[in-house]
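J.: Let me give you the structure first, and then I'll get to my questions.
The values are calculated or read from the model by the stated rules, or taken from the named source; none is laboratory data. These numbers come from a predicted model, not from an experiment. Counting neighbours? That spans all protein chains shown, and the Cβs are built from the backbone with ideal geometry, glycine included. Only protein heavy atoms, including side chains, enter the accessible area calculation; ligands, DNA and RNA are left aside. Shrake-Rupley method; radii C 1.70, N 1.55, O 1.52, S 1.80 Å.
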Amino acid sequence: MAEHRQSRKRRYITWGVAGAAVLAGAGIAAQTSMAATTWPAQKTYTGRAFDACTAPSLAAMKAWKTNGFYGAAAVYIGGKNRGCTQANLTASWVKSVNAVGWKLIPLYVGAQPPCQTSSNPEKFTAATAASLGVSNANDAVAKAAALGMKAGSPVYLDMEPYDITNKACNDAVLTYVRSFTKTLRAKTYRAGYYGFSSSSAKAIATATNRTDLPGNLWYALWDKQNTTTADWPWDPKLYTNHSRGHQYMVNSKETRGGYTITVDRNAWDAPVALVG
């Protein structure tokens, strides 16, 4: 059973299948291949990162930063399937946590596959996959920009588990992801993808046609190994050159500096937001 944090109410949604992934090859080259576009230099972070359903308070972020265990935090910037409210997640918050040294990882919970067993506010079909990919990517860029995450930042598309043996469904996913990715790049935002190593990521990592797939892969494999290499499930030539994130532990209740937060742990070696 695969689950991923999205809301307090459904903190770990069970989809009934497991899986995660993103694009191939020389990561940076793949991410900056749009013709006649001047890309800002990529900002990369290597180390531990956490993701939490709700962006913590500024006070909590300051306290956790002094502890030094984590250096980056993933935040849910938007998407109709984003479950938790984000009262703390404002442009001011982003600027403040950046100033104290945090690297931020923008995560967008886009439309989900038609064959997924869970109910969601937004799903795509074969007929709507391409158009929803465009509208979701445009919304993701708007949300990121409003938070002060500048062009050149990555946006990681959250794709929850689905039955990748269902060809029609899988084809629709690939159409949606390619459309989302192409639209992001046209607006000079780097494309990332969060998924599960046995389903949604696997579908991307093992796709034979690499056209318009995301340049960064964040894979969920809950083996408690803080690594992006030792347990990498696919071709070692894929997602090299600072293009991998690994969610290796979930639902970890941790207290640092007097603030307790339930987080997922990640090993990170990939792009983070450009803030300013």
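J.: Heavy atoms of the protein only, probe of 1.4 Å, neighbouring chains included. What is the accessible area of ILE261 in Å², nearest 10?
T.: Rounded to the nearest 10, that gives 20 Å².
J.: Taking the Cα-to-Cβ direction at THR255 and at LEU58 and moving 7 Å from each Cα, how far apart do the two end points lie in nm?
T.: Using points 7 Å along Cα→Cβ, the separation is 2.6 nm.
J.: So, one more: To the nearest 10 square angstrom, how much accessible area does GLU254 have with a 1.4 angstrom probe?
T.: Using a 1.4 Å probe on the heavy atoms, I get roughly 10 Å².
J.: Using R₀ = 51 Å, calculate the FRET efficiency as 1/(1 + (r/R₀)^6) where r is the Cβ-Cβ separation of ALA87 and ASP171; round to 0.05.
T.: Step by step, r from the Cβ atoms, then E = 0.85.
J.: Express in nm, to one decimal, how much length is gained between SER118 and ALA146 on full extension, taking 0.36 nm for each residue of separation and deducting their alpha carbon distance.
T.: Gain on stretching SER118 to ALA146: 7.1 nm.
J.: Taking all protein chains together and a probe of 1.4 Å, list ASP231, ASP171 from the most accessible to the least accessible.
T.: Result, largest first: ASP171, ASP231.
J.: If each DSSP helix of 4+ residues adds -39,500 (n - 2.57) and the sum is divided by the residues in the chain, what number results at 222 nm, nearest 500 deg cm²/dmol?
T.: -7500 deg cm²/dmol
J.: With only Lys, Arg, Asp and Glu charged, each at its Cβ (+1 for the first two, -1 for the last two), find how big the charge dipole of the chain is about the Cα centre; round to the nearest 20 debye.
T.: So the magnitude is around 660 debye.
J.: Another one. Could you derive backbone 3J(HN,Hα) for the range 171-182 from the dihedral phi with the Karplus parameters 6.51, -1.76 and 1.60 (θ = phi - 60°), listing whole Hz in sequence and x where the residue is Gly or Pro?
T.: Karplus values, whole Hz, x for Gly and Pro: 4, 5, 4, 4, 4, 4, 5, 5, 5, 4, 5, 4.
J.: Choose one of GLY152, ASN120, THR227: the residue whose Cα lies farthest towards the positive end of the charge dipole of the chain (beta-carbon charges +1 Lys, Arg; -1 Asp, Glu; about the Cα centre).
T.: GLY152
J.: Please report the Cα spread of the chain along all three principal axes, rounded to whole Å, starting with the longest.
T.: In descending order, the Cα extents are 49, 44, 36 Å.
J.: In addition: Give the calculated FRET efficiency between ASP235 and ALA41 to the nearest 0.05, with a Förster radius of 30 Å applied to their Cβ-Cβ distance.
T.: 0.65
J.: Further, regarding this structure: Could you rank ASP139, ASP264 by how accessible they are, 1.4 Å probe, largest area first?
T.: Sorted by accessible area, descending: ASP139, ASP264.
J.: Taking the Cβ of ASP212 as the center, what net charge do the other residues with Cβ under 11 Å away carry, scoring Lys and Arg +1 and Asp and Glu -1?
T.: +4
J.: While we're looking at this one, here's another question. How much length would be gained if the chain were fully extended between THR125 and ASN138, taking 0.36 nm per residue of separation minus their Cα-Cα distance, in nm to one decimal?
T.: 2.8 nm
J.: Going from most exposed to least, what order do TRP234, TRP93 have by accessible area with a 1.4 Å probe?
T.: The ranking, largest first, comes out as TRP234, TRP93.
J.: Next question, about the same structure. Within the chain, what percent of beta bridges assigned by DSSP are antiparallel, to the nearest 5?
T.: Antiparallel bridges make up about 45 percent of those DSSP assigns within the chain.
J.: So, in Å, what gap is there between the alpha-carbon centers of the range 64-110 and the range 151-189?
T.: Answer, in whole Å: 21.
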